[in-house]
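Down below is the structure, laid out as structure tokens.
Throughout, read-outs are computed from the coordinates displayed, never taken from laboratory work. These numbers come from a predicted model, not from an experiment. Counting neighbours? That spans all protein chains shown, and the Cβs are built from the backbone with ideal geometry, glycine included.
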Amino acid sequence: MRAQTLKPPTHYMRGIIVGLAALLTMACRDSSLAPSHSRTLALGRPVLSLFVGSVTFTYDPGSDLSAPIGQHRLVIPSRGVCDPAVSSYGIGTWDDACRPLTQPIAITATAYVDATGHPFVQFQPALRFVPGRVTTLFLYDKHASADVFAKIVYCPDTGACIDESLTDPSLLTYKAGKDTYYRRIKHFSGYNVAALEDDVLPIEY
């Protein structure tokens, strides 16, 4: 007698397939299994939802500056700012030699919170910092304290935010305590704490 191969009933196989499809759908919807984006990647920029405040302070090239910006802080060393009247400015020029500023200059910092609760600070005027003199920006962000990918990114006036550390390791972000992030900055513009590694784009020259 020829042995017969047992096949499960058609309705049984159909049930298995439907069950697997349901499990996959639930897994994709489960935030613990699927990554969630903290900003609209199509825009590539933070959506500013809350104005925190603005502060103007004076940088004297003869002295170090440590300026509070609400819960954030900017530290510029003496002889650390390029003279904007004669220095270059723009992507690709951040490490160019420059003439240090010799006269005091007023700097305005404006702080916001974006739609996902992360800080954004905008600086005016546009300035570049003297290569070899380290300027540091500290941003307080309690919402990013548990995110191992959190970093401070550069957001130009237009276009997507940029993770400058991908091409310049001296611009990596570090943590100071539980809720404060800091990194070197080589120029002024907008800076934002990005919550996920894929929220920002690598810089292109």
Average projected area [Cα convex hull, the stretch 94-168], square nanometres: 6.6
Evaluated at q = 0.13, 0.19, 0.20 Å⁻¹: base-10 log I(q)/I(0), Debye formula over Cα of the stretch 48-202: -0.56, -1.23, -1.36
Residue exposure sequence - Cys98, Cys82 - by fewest surrounding Cβ within 10 Å: Cys98, Cys82
Protection-proxy order for peptides 180-187, 130-137, 60-67, each taking the mean of Cβ atoms within 10 Å per residue, highest first: 180-187, 130-137, 60-67
